[in-house]
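Taking it in order: structure first as structure tokens, then the write-up.
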Amino acid sequence: MTDNTCTQCGYEHVVINRKSNGQRLCSSCFKDSIEKKVLKTIRKNKLVTKGDKVLVGLSGGKDSVALVNILNILKEKGIIELEAITIDEGISGYREEGVRIAKDVAKRLNVKHHIVSFDEKYDFTLDKIMEAQKGKDDHQHACTFCGVFRRQLFNQVARDVNASKIATGHNLDDETQSIVMNYLEGNIHNMVRIGYKTEARDEHFTPKIKPLREIPEKEIGLYVLESGFEVHFDGCPYAHESFRMEIGDFIRELNLKHPTIMYSTLNNFEKIKPAIKKEYDKKHVVPNGTCEVCGEPASQSICKSCKFLEKIHNELLNDGNQNG
Amino acid sequence: MSITLINKKDVKEIEYEENLTVEDILKKEDIPIETVVVKINDQTVTEDEKVNDNDKMEIIKVIYGG
Ligand SMILES: [Zn+2]
Ligand SMILES: [Zn+2]
């Protein structure tokens, strides 16, 4: 006979059995516990300060929906200003649904919402680049383009709206995977950049924060469902990070028998990080200039994203269009 | 017992032996328990919830991979 009673309030229907600490929680105590934990992460690591303007990435996926809903608590209390951005990469049959959900969520929470598309900013969609690439030798994966341009647009909009922080929905699974992957691959320079926030390297660079970093992915899924949001649970059709997926499956499998494994991986990493940083961070090259085309921080006169754009327009699409 | 199993757009009626839990059914269907949230008759349940005859069991995949 299993006990279906909430260990917090005694209500007789639980939605989660947390093997990591023995808690069994009803829907309401569960949502409370997630919100409290995220707000504690924010406070403890000083992820926001009073008066911050936070721009949150809202894809319509579960992580971003949970994040905007929790950051909205701080907005309602008058501690921060909050705006959301959705980037439409132009992935037909996939992104439309995310954009629609993002719009609904922003409206429901009364959060100012920016929708920026590759098509209007760069005059191409991700689908179009991938189509044009077919049969060419120099084949790049969709995630490479996507990552570069999303980052550029995110930073641009953050500057345009004078955001003081950019918030992203990375969860405990994502972070644990990154730590283990970089460790196994010996990628120590990437490792020192994993953290609660990126440090501002110059005034053009809006610091990024990860408030959901201590919440397991499955609990985020449960949180948005229990909060009554409609969520886009589909995976991206271009998703391919096969090594990350393997590591993810491996850690989740371990987690069944060792339910605290993700927490300990993250906590231990945070403990050893200062030592790795001391040894390796100083060798990392910091961009010290500004891109002539887009104003992003760059170590040369034109930044990586703009060079990439030039190549796409001149070599891939042959449309002679430089920068939209 | 007979269960209606809903997995996205896939809806099917399945016959199982009596006295199974959500976890037992997920194992039978080869669905990794760590990647889904399960609702029985529209109410979210834990993996040790007992499943009864004529229940509607909905599987919501919240994690990719697995
Ligand atoms: Zn409770
Ligand atoms: Zn640039």
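The values are calculated or read from the model by the stated rules, or taken from the named source; none is laboratory data. This is a predicted model, so every value here is computed, not measured. With ideal geometry, Cβ positions are generated from the backbone for all residues, glycine too; neighbour counts draw on all protein chains shown. Just so you know, the surface numbers come from the protein's heavy atoms only, side chains and all, with ligands and any DNA or RNA stripped out. Shrake-Rupley method; radii C 1.70, N 1.55, O 1.52, S 1.80 Å.
Which entries of A:134/B:61; A:218/A:257; A:53/A:75; B:12/B:61 have Cα-Cα distances beyond 20 Å here? Long pairs (Cα-Cα over 20 Å): A:134/B:61. How large is the translational diffusion coefficient of region A:14-56 in µm² per second when you combine the Kirkwood radius over alpha carbon pairs with Stokes-Einstein at 37 °C and 0.692 mPa s? The calculation lands on 270 µm²/s.
Relative contact order for chain A using alpha-carbon pairs under 8 Å, separation at least 6, rounded to a whole percent?
18 percent
Sequence gap at least 6, Cα distance under 8 Å: using those rules, report the relative contact order of chain B to the nearest whole percent. Could the numbers behind the result be given before it?
On the way: 118 pairs, mean separation 26.9, N = 66.
After rounding, I find 41 percent.
Each Cα pair under 8 Å and six or more residues apart adds its separation to the average, and for region A:127-207 the resulting relative contact order is 29 percent. Taking only the alpha carbons of chain A, we obtain Rg and Dmax values of 20.7, 70 Å in that order.
Quantify how strongly other chains surround peptide A:24-32 by giving the mean number of their Cβ atoms within 10 Å of each of its Cβ atoms.
Details: counts 2, 1, 1, 2, 0, 0, 1, 0, 0.
Mean partner shielding for this stretch: 1.
Leaving out ligands and nucleic acids, note down the accessible area per residue over region A:45-285 with a 1.4 angstrom probe, in whole Å². Before the final figure, lay out the partial values.
Numbers: 11240 Å² over 241 residues.
With the other protein chains kept in place, region A:45-285 gives 47 Å² per residue.
Placing a label point 7 Å from the Cα of residue A:245 along the Cα-to-Cβ direction, the residues of region A:127-150 whose backbone N falls under 17 Å of that point are A:141-144. Take the Cα of residue A:36, step 7 Å toward its Cβ, do the same at residue A:315, and the gap between the two points is 5.5 nm. Multiplying the residue separation of residue B:10 and residue B:28 by 0.36 nm and removing their Cα-Cα distance gives an extension gain of 4.8 nm. Round to a whole angstrom and tell me the spacing of the C-alpha centers of region A:1-64 and region A:155-197. Spelled out, the Cα-based centre of one part sits 21 Å from the other. In sequence order, region B:2-8 has phi-based couplings of 10, 10, 8, 9, 10, 10, 6 Hz under the Karplus curve 6.51 cos²θ - 1.76 cosθ + 1.60, θ = phi - 60°, and Gly or Pro positions carry x. Residue by residue along B:41-47, Cβ atoms of other protein chains within 10 Å of the local Cβ number 5 on average.
Putting +1 on Lys and Arg Cβ atoms and -1 on Asp and Glu Cβ atoms, find which of A:55, A:141, A:189 reaches farthest to the positive end of the dipole of region A:53-192. Sorting the options by dipole projection puts first A:55. For a modelled paramagnetic label at residue A:3, 7 Å from Cα along Cα-to-Cβ, the residues of region A:20-42 in reach, with backbone nitrogen under 16 Å, are A:20-26. Charges were assigned to the Cβ only: +1 to each Lys and Arg, -1 to each Asp and Glu. The resulting dipole of chain B about its Cα centre is roughly 380 debye. For GluC sites (Glu not before Pro), the sites in region A:209-275 that DSSP calls loop and that have at most 15 other Cβ atoms within 10 Å are A:230, A:241. Accessible surface buried at the B:A interface totals approximately 1900 Å², computed with a 1.4 Å probe on protein heavy atoms. Summing Cβ point charges (Lys, Arg +1; Asp, Glu -1) relative to the Cα centre of chain A gives a dipole of roughly 1500 debye.
Measuring only protein heavy atoms, the 1.4 Å probe finds residue A:95 accessible over about 10 Å².
Report the gain in length on full extension from residue A:44 to residue A:137: 0.36 nm times residue separation, minus Cα-Cα distance, nm rounded to one decimal. Write down the numbers at each step before the final one.
Values: separation 93, 0.36 × 93 = 33.48 nm, distance 4.90 nm.
Net length gain for the segment: 28.6 nm.
Packing, taken as the mean count of other beta carbons within 10 Å per residue, orders the peptides A:98-109, A:131-142, A:4-15 from highest to lowest as A:98-109, A:4-15, A:131-142.
Given a 1.4 Å probe and heavy atoms of the protein chains only, how would you sort A:243, A:308, largest accessible area at the top? Working shown, then result.
Values: A:243 70, A:308 35 Å².
The ranking, largest first, comes out as A:243, A:308.
For region A:164-297, the Kirkwood radius over C-alpha pairs fed into Stokes-Einstein at 20 °C and 1.002 mPa s yields D = 126 µm² per second. Accessible surface comparison of A:204, A:240, probe 1.4 Å, protein chains only, largest first: the order is A:240, A:204. Dipole magnitude for region A:1-52: about 420 debye, using +1 per Lys or Arg Cβ and -1 per Asp or Glu Cβ, origin at the Cα centre. Amide H to amide H distances under 5 Å link residue B:20 with B:51, where only residues 5 or more positions off or on other chains count and H is placed in the peptide plane. Only helices enter the 222 nm calculation for the protein assembly as shown: every DSSP H run of n ≥ 4 contributes -39,500 (n - 2.57), and dividing by all residues gives -12500 deg cm²/dmol, rounded to 500.
The residues of chain B present an accessible area of 52 Å² per residue when probed at 1.4 Å with all protein chains retained. For the peptides B:4-10, A:171-177, residues were scored by their other Cβ atoms within 10 Å and the scores averaged per peptide; the highest-first order is A:171-177, B:4-10.
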